[in-house]
């Protein structure tokens, strides 16, 4: 496995390429004092945790005037010594410094995620924290960034550790009973309650699943309605209102058009569909099929109609009741039965629509209290689901008066799964996969 | 290698030494048994019981491998009891109260009658090594024995020192001298040694106890004996034991005299057993408990001497008697002999291989209490394994290793060579990750097949086992083949038996079988489902067991191991990745690095 050679000194550019005012280069290794003194041409050891202006040399060639910091292991991100060089921006300088240092065999290029892997393998962070670093970098919205930051700070890890401690306590009670108490037996009702309380805590974490998936992938909001109902106008209007994250993709009128914007910290993907009408033209039918699929996968449908009769169409399309019914062109159209009336011409009703949309988003993720939620990624969701299944199985067995030798075994199995979230043993594949998802320099 | 008529010397005639010598003999080889006092062969130096929680499992396994302990206990028992009866049969354990005198006589007779064992009354003072292999041993009398293998089972005798209050004297056991030459010979060979401590409670005069004030603790009427060789109709006396309880006054007396206990005054600085603590330890450590249970056991049938289980102590005699007399029923009690603590040399077991042979000296085996264990059963199991391996090592260049999933003996030895033993090691069921499949009821099925393969069983034993196995398989087939209708569902008897409420003894099974067979089959049905979950879980561990670490492996070459892990790995030199992960003080992340490295190789 390629992360193995951790005795090497590794180097990488942490900032992304392109023209910028500075770039940051990170170097990590067991002891970097020598390297520091060599490239800065100084005699004294570096003072940890300070930033200082230095010239960087390789073999007497001046490469750049830089700001340089030294972090001494184990009190660093990787648990090893780290040098961070703030050099001048642009593609050339940072690349030049890295290449020259590598050519001198003072370091080698780091692999994606290798700095974080070293932090993990040196016990500086657990797996959840490692994953959160990647999430933080990928996040495009406030909510996602905040939740990732919480995990980096150990919020999720601490809760999992607390649950583990609770389960260990129950297990040790039973083990004591099995090994040292020949006559007495722990009370089944108490055991049931104690195990159940751990499972309830896991269920509480698990209730953040939908929330997590949505803050990660964003919400799908689909615009639907008959041709010329005003969908594209509303689409453009909403993008003008919110902060556009991704530029809209071009398409023919029969294709869908997508754009992403942020609404109150949520990533919202808005999809403009082809108008929905009855047709026998093959090409048009394909467009209609596509619209139907979008509607099926939507978290929220924004349906635009112009008269009361149009409502029958959305009734037919939206069996799950996830639509907001919008009467468009409210400057000319009047009808009842709609949730909100909007005019893109004079902006009437737009604020009201956005408020309604946010309410609906909260309804979809089933929370108003974002603070109470965790971000749990797919891997963690999977493990937590297995834990809940195994826990429920244990409770069922307890109801059937399972003997305590078997209960203890089930508890050990449960603890093994718990360990998988934070510190999996002998799961090289999982660990590899997680870190290879990182970018270089992390 | 040159073989003499007698190539192996067993040093010591305790539970480890006896099993070692008898195993060597059953394998058709001869050995010396060197003991300072032949009349002490098979002596029970502490409590008058064999078995107990997890220890009962060990006795069953020793029996399944041909050992004598189970049979001796069955034949000399005065009471039998199944412990943990309310908690699932994987943790059911037998305990026999035995007649100590008859027990050691039974063993003594067996050893004496064995023509392959030559008893020498002497003391080993020197161990001769030639080219990293055992060549001889020198005795106190000046005699030198030319041998190829030596199994040292010195118990608590190595530089043993007894403490009672402030007085202390050199001794191997009560009224027996210590052995002093072996430790220095082993140290000369490069062995590391440390001190451990253990204790034994006082013995009381039976007639001085007011028995009417104590609670009765009777044995079972329906007895499951340890040995497959013991006939089902064997009868025992069933003499009861009695329960007494300490109280706050007892604790007060012990508390106020702590400075007179050598453990607390700093006179002993060896580590004592946490799981079998002295009564003064219990009082200090469990301050909020106002009472501790004492178990009064007769030492033999008609014994005038009563063993006070739970009152192990090294207090001065006057404090012992004063404290005991606060206990209801013991107000007038008289000591026959006081409790004492004993300090002795032990040899950290990372110096041994899984065969209990030294990693550095060929033919040198250590077994029993000097390996840091406590208990007769743990000692017997090690003696047996060492005896078998000494024969295999010298004559066949082979080895006999029981894996952790095969038996508690495997767990015991694997733990010894990987764990940092800093207090006497006692077997617990929680030490076995395969606990559900390592039951007392299937000990023969788990191990006797293996024993046959290595020629460890007598002809008689082999026949009994084969009969058992046949019956077992017949019943199993019958249950799989026979269908019954139950609540309108047709299912096999086998599946039907999985129900918690169904009982094999209530079924009309047309094939005759002894109860122990029926019980073993029933356990298998009932645990089958859970064991398959268990084996899923431990599959990972098993994978690690199969990854061998070469003996010459350079741990320094593995990048980024923490220095504490590296130190432990280099001392212990684990033979497999599975062992590496179980070494105390080795970090999980380091084992994960090691595994990545070995996988790659």
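The values are calculated or read from the model by the stated rules, or taken from the named source; none is laboratory data. It should be emphasised that the depicted structure is a prediction, and the values quoted were computed from it without experimental measurement. All Cβ positions, even for glycine, are placed from backbone atoms using ideal geometry, and neighbour counts span all protein chains on display.
Please go through the stretch B:297-322 and give me each residue that is assigned to a loop (DSSP other than H, G, I, E, B) and either touching a residue at least 12 places away in the same chain (Cβ under 8 Å) or crowded, with 22+ Cβ neighbours inside 10 Å (or both), ordered by number. Give the derivation first.
Quick first cut of the stretch B:297-322, residues assigned to a loop (DSSP other than H, G, I, E, B) only: B:299-304, B:310-316.
Hits for the stretch B:297-322 are B:299, B:300, B:301, B:303, B:304, B:310, B:311, B:312, B:313, B:314, B:315, B:316.
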Check on residue B:291, more than 30 Å from residue B:194 (Cα to Cα), modelled with pLDDT under 90 and either under 30 Å from the mean Cα position of the chain (by Cα) or not in a loop (DSSP other than H, G, I, E, B) (or both): yes
Just to confirm my filter: which helices (runs of 4 or more DSSP H) fall fully inside the stretch B:478-574 and include at least 2 residues that are within 14 Å of another protein chain (Cβ to nearest Cβ)? B:515-545, B:563-572
Residue tally, condition buried (at least 22 other Cβ atoms within 10 Å of the Cβ) and in a helix (DSSP H, G or I), over the stretch B:395-414: 7
Conditions (1) at pLDDT below 95; (2) at positive phi; (3) in contact with a strand residue (DSSP E or B) (Cβ under 8 Å, 6 or more places away or on another chain) -> residue B:363 fails only (1)
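Quickly run through the stretch A:385-413 and pick out the residues that are facing chain B (nearest Cβ under 10 Å) and assigned to a helix (DSSP H, G or I). Quick ask: steps written out before the conclusion?
Quick first cut of the stretch A:385-413, residues facing chain B (nearest Cβ under 10 Å) only: A:390, A:393, A:397, A:400-410, A:412-413.
A:390, A:393, A:397, A:404, A:405, A:406, A:407, A:408, A:409, A:410, A:412, A:413, listed by residue number.
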Set A:402, A:376: member being more than 23 Å from residue B:88 (Cβ to Cβ) and surrounded by 14 or more Cβ atoms within 10 Å (Cβ to Cβ): A:376
On the basis of being touching a helix residue (DSSP H, G or I) at 6+ places or on another chain (Cβ under 9 Å), within 25 Å of residue B:545 (Cβ to Cβ) and surrounded by fewer than 19 Cβ atoms within 10 Å (Cβ to Cβ), does residue B:371 make the cut? no
Inside the stretch A:4-68, counting only strands (runs of 3 or more DSSP E) that do not spill past its ends, which hold 1 or more residues that are within 14 Å of chain B (Cβ to nearest Cβ)? A:10-13, A:22-29
Flag if residue B:384 is more than 14 Å from every other protein chain (Cβ to nearest Cβ) and either touching a strand residue (DSSP E or B) at 6+ places or on another chain (Cβ under 9 Å) or within 21 Å of residue B:132 (Cβ to Cβ) (or both): no
Quick check: is even one residue across the stretch A:269-286 at positive phi, modelled with pLDDT of 85 or more and out of contact with any helix residue (DSSP H, G or I) (no Cβ under 7 Å at 6 or more places or on another chain)? no
Checked against (1) away from chain B (no Cβ under 14 Å); (2) at pLDDT 80 or above, residue A:255 satisfies every condition except (2)
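Please specify each residue of the stretch A:300-314 satisfying the condition of being under 36 Å from the mean Cα position of the chain (by Cα), farther than 14 Å from residue A:237 by Cβ and modelled with pLDDT of 85 or more.
Let us first name the residues in the stretch A:300-314 that are under 36 Å from the mean Cα position of the chain (by Cα), namely A:300-304, A:314.
Add one more test, that the residue is farther than 14 Å from residue A:237 by Cβ, and what stays is A:300-301, A:303, A:314.
The answer is A:300, A:301, A:303.
If you go through the stretch B:1-14 one residue at a time, how many are in contact with a helix residue (DSSP H, G or I) (Cβ under 9 Å, 6 or more places away or on another chain) and either closer than 15 Å to residue B:66 by Cβ or in a loop (DSSP other than H, G, I, E, B) (or both)?
Our first condition is that a residue be in contact with a helix residue (DSSP H, G or I) (Cβ under 9 Å, 6 or more places away or on another chain); within the stretch B:1-14, this holds for B:1, B:3, B:7-8, B:10-14.
Narrowing the set further to residues that are either closer than 15 Å to residue B:66 by Cβ or in a loop (DSSP other than H, G, I, E, B) (or both) leaves B:1, B:3, B:7, B:12-14.
Adding up the residues that qualify gives 6.
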When the residues of the stretch A:357-384 are filtered to those that are in contact (Cβ under 8 Å) with a residue 40 or more places away in the chain and not in a helix (DSSP H, G or I), which remaining residue is nearest to the other protein chains (Cβ to nearest Cβ)? A:377
